[in-house]
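J.: Dropping the structure in here first, questions after.
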Amino acid sequence: MTIKDIAKESGYAVGTVSRVLNNHPEVSEKARNRIMEVVEKYHFRLNNNAKHLKQQTNSGVAIIVKGTRNMLFANLLESLQGFIKKKGYACLVYYIREEEHEVEQALQVCRERSPIGILFLGSNLENIKERFADVDVPCVLVTNSAEELGVEHLSSVSIDDKEAAGKAVEYLIKLGHRQIGILGGEMEHSNPARTRYNGCIEAFCKYGVEFDLQKQFEYSSFTMQGGYEAMRRLLEKMPKITAVFAMSDVTAFGAIRAIKDQGLSVPEDISVVGFDGIEMGQYLVPQLTTVQQPIEQIVESCVEILLQCIYEKRGAINVRMPFCLIEGESTKRID
């Protein structure tokens, strides 16, 4: 008697039988009871050596993290590892540099470790368009939308970056600001940066506020150093600037330091809004005003979707999570 024999007699898939035998929770009571009836009928016992070997080779969920200094990803990764372990799976984490190709890394991981699924923290949609068809396990983009790609085995969980960035700029405009700078990522290679920029432009247009890309936008990597250097350049171009929207909280942290180093104050001279809602922003002085992404909800949704796609053979599932603008101490109304 083998697992395949149990699957045949019980009428359930081999994967479902395996989950019942390994006490995984993602099984209906009906399926569990039927499978256990067959198990007990034939006095089946799982081969522990075979079980151990299987767990070593293909029971893990791989997480590919693009970039090593992203604080949002660090928070997400910690929560993901805990939640995946709680579900009964091993977690395989791989870090790559921002300029590296995440799909190439995924293909290598599939060849070497045979994961049951992959989560991507950080992704370039152009890279995914190139070779993703060669990845043969269910995957989920975390905080980046795959909806426009239409790939059958690629799901995503994200907020609406366009709407969220637009709300941040709208908030500054409603506080009376008109000289507003933007610190953002490389739009040619970052879908979130491009989408957030488009949201900013829509907000400026909605309220009839002029925006000069060459004057009011500065590229910044999503790091504190990047934010610091970009803010210094922006201050040189916009001596009358009264507010800045940074496309990540860590960029905002660097920007605030640059403003201070120029003898100016936040928010008395310049208001600052960040994006992500990472915990450090709550303890910053001044406390950061930011667009908050719901980390725990994103984590749980990503893992649940991945498991559904693995065991229920679901197609791509693309979910939009809610966001909220948290008012801190880094912004103020002006006359």
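The values are calculated or read from the model by the stated rules, or taken from the named source; none is laboratory data. Small disclaimer: the values here were computed from a predicted structure and weren't measured. Cβ coordinates were reconstructed from backbone atoms using ideal geometry, including for glycine residues, and neighbour counts include every protein chain displayed. Surface accessibility is based on the protein's heavy atoms, side chains included, excluding ligands, DNA and RNA. Shrake-Rupley method; radii C 1.70, N 1.55, O 1.52, S 1.80 Å.
J.: Among 11, 44, 181, whose Cα sits farthest toward the positive end of the charge dipole of the chain (+1 at Cβ of Lys/Arg, -1 at Cβ of Asp/Glu, about the Cα centre)?
T.: It is 44, whose Cα lies furthest towards the positive end.
J.: Please work out the C-alpha center-to-center distance from segment 190-263 to segment 136-187 and express it in whole Å.
T.: 16 Å
J.: Need the list of lysines near residue 260 for cross-linking: C-alpha distance under 19 angstrom, and skip anything on the same chain fewer than eight residues off.
T.: 237, 240, 332
J.: In deg cm²/dmol and to the nearest 500, what is the mean residue ellipticity at 222 nm of the chain if only DSSP H runs of at least 4 residues count, each as -39500 (n - 2.57), divided by the residue total?
T.: Counting only the DSSP helices, I get -14500 deg cm²/dmol.
J.: Quick one: putting +1 on the C-beta of Lys and Arg, -1 on the C-beta of Asp and Glu, what dipole do you get for the chain around its Cα centre, in Debye to the nearest 20?
T.: Taking the Cα centre of the chain as origin, the dipole is about 880 debye.
J.: Could you calculate the FRET efficiency of residue 198 with residue 13 from 1/(1 + (r/R0)^6), where r is the beta carbon distance between them and R0 is 30 Å, rounded to 0.05?
T.: Computed FRET efficiency for residue 198 and residue 13 comes out at 0.10.
J.: What percentage of the solvent-accessible surface of segment 198-335, computed with a 1.4 Å probe over protein heavy atoms, is contributed by carbon and sulfur atoms?
T.: 47 percent
J.: Counting only heavy atoms of the protein chains, get the accessible area per residue of segment 55-148 (1.4 Å probe) and round it to a whole Å² value.
T.: Accessible area per residue, segment 55-148: 46 Å².
J.: Using mean Cβ contacts within 10 Å as the protection proxy, how do 317-330, 242-255 order, highest first?
T.: Put in order of decreasing packing, that is 242-255, 317-330.
J.: Report which label in (1) 80, 34, 33; (2) 68, 47, 36; (3) 68, 49, 42 holds the value of Cα extents along the principal axes in Å derived from the coordinates of this structure.
T.: Only one option fits the structure, namely (1).
J.: To the nearest 20 debye, what charge dipole does segment 99-175 have about its Cα centre, counting +1 at the Cβ of each Lys and Arg and -1 at the Cβ of each Asp and Glu?
T.: 240 debye
J.: Ok, one more. Taking the Cα-to-Cβ direction at residue 206 and at residue 100 and moving 7 Å from each Cα, how far apart do the two end points lie in nm?
T.: It works out to 3.9 nm between the two label points.
J.: Contact order normalised by length for the chain, with contacts defined as Cα pairs under 8 Å and 6 or more residues apart; what percent is it?
T.: So the answer I get is 16 percent.
J.: Let me ask something additional. If the cut-off is 14 Å between C-alpha atoms, which aspartates and glutamates fall inside it for residue 4, apart from same-chain ones fewer than 8 positions away?
T.: Within the straight-line limit of under 14 Å, residue 4 reaches no aspartates and glutamates at all.
J.: Given a Förster distance of 30 Å, report the FRET efficiency between residue 147 and residue 78 from their Cβ-Cβ distance, rounded to the nearest 0.05.
T.: 0.65
J.: Within segment 214-228, name every residue whose backbone N is under 16 Å away from a label modeled 7 Å from Cα of residue 237 along the Cβ vector.
T.: Of the residues in segment 214-228, 214-221, 226-228 have backbone N under 16 Å from the label point off residue 237.
J.: How much length is gained if the chain between residue 225 and residue 174 is pulled fully straight, taking 0.36 nm per residue apart and subtracting their Cα-Cα distance, in nm to one decimal?
T.: Additional length available on full extension: 15.4 nm.
J.: Then there's this: Multiplying the sequence separation of residue 30 and residue 134 by 0.36 nm and subtracting their Cα-Cα distance, what value in nm do you get?
T.: Extending this stretch completely gives an extra 33.9 nm.
J.: Using the Cβ atoms and a cut-off under 10 Å, what net charge is assigned to the surroundings of residue 325, where Lys and Arg are +1 and Asp and Glu are -1?
T.: Charge balance in the 10 Å sphere: -1.
J.: Looking at the square roots a ≥ b ≥ c of the eigenvalues of the Cα gyration tensor of segment 156-291, which shape do they give, rounded for a/c under 1.5, prolate if a/b is larger than b/c, or oblate?
T.: Cα axes put segment 156-291 in the rounded bin.
J.: Same structure, new question: Could you tell me how many degrees, from 0 to 90 and to the nearest 10, lie between the Cα long axis of helix 295-311 and the main elongation axis, the longest principal axis, of the Cα atoms of the chain?
T.: Approximately 30 degrees, to the nearest ten.
J.: Choose one of 83, 263, 214: the residue whose Cα lies farthest towards the positive end of the charge dipole of the chain (beta-carbon charges +1 Lys, Arg; -1 Asp, Glu; about the Cα centre).
T.: Farthest along the dipole direction, towards plus: 83.
J.: Using the Cα centre of segment 82-184 as origin and beta-carbon charges of +1 (Lys, Arg) and -1 (Asp, Glu), tell me which of 144, 125, 169 is placed farthest towards the positive end of the dipole.
T.: 169
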